[in-house]
Amino acid sequence: LSWRPTDVIVLAGVNDLASRRSLKHIIDNLAWMYEEIRRAGVRVVPVKVLPWGRRSTHNAEGTAAVNSWIGAVPGAVETNSLGDSRGWLLESYTRDGVHLTEEGNRALGRLIVGRAF
């Protein structure tokens, strides 16, 4: 490569949580990714799992546990402001309760830039 990134943003997702993977599995994978990024001499920007309570497979306890672990990582980006009091993504930010719309992506981008840059 002729270029080298200075930062890598890692947005923790819901797939492992929805499939009921163990918290150890999820956290071990995130820890591995963060370490590999750092080992490459690049700054990791950890982003918490987005609110996703609208889905029937919602794992609120698992989401809270993963987000708590991510929150202890320096520079972690909080995503709660993208959701409502129920833990669902705001209607304007999603079409299906999980995936972001263009407006949702812009809101997430503003959170990341405001916290990390």
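The values are calculated or read from the model by the stated rules, or taken from the named source; none is laboratory data. Everything numeric in this text was worked out from a predicted model, so none of it was measured. No Cβ is skipped: glycine too gets one built from the backbone with ideal geometry, and neighbour counts run over all protein chains shown. Calculation scope for accessible area: heavy atoms of the full protein, side chains included, ligands and nucleic acids excluded. Shrake-Rupley method; radii C 1.70, N 1.55, O 1.52, S 1.80 Å.
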For the range 70-117, give me each residue that is within 12 Å of the chain's Cα centre (by Cα), among the polar types (S, T, N, Q) and crowded, with 18+ Cβ neighbours inside 10 Å. Thr79
Yes/no for Leu11 being open to solvent by 60 Å² or more (accessible area, probe 1.4 Å) and in contact (Cβ under 8 Å) with a residue 24 or more places away in the chain: yes
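How many of the residues making up the range 1-47 are part of a helix (DSSP H, G or I) and modelled with pLDDT of 95 or more?
Initial filter on the range 1-47 (part of a helix (DSSP H, G or I)): 15-18, 23-39.
Pick out the ones that are also modelled with pLDDT of 95 or more and you get 23-39.
Looking only at that region, the number is 17.
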In the range 29-43, is there at least one residue being in contact with a helix residue (DSSP H, G or I) (Cβ under 7 Å, 6 or more places away or on another chain), surrounded by 15 or more Cβ atoms within 10 Å (Cβ to Cβ) and of a type in the set (Val, Ile, Thr)? no
Could you check Glu61 against (1) in a helix (DSSP H, G or I); (2) within 17 Å of Phe117 (Cα to Cα) and say which number it fails? (2)
For the range 54-69, which residues satisfy the criterion of being buried (at least 16 other Cβ atoms within 10 Å of the Cβ) and closer than 21 Å to Gly104 by Cα? Arg54, His58, Thr63, Asn67
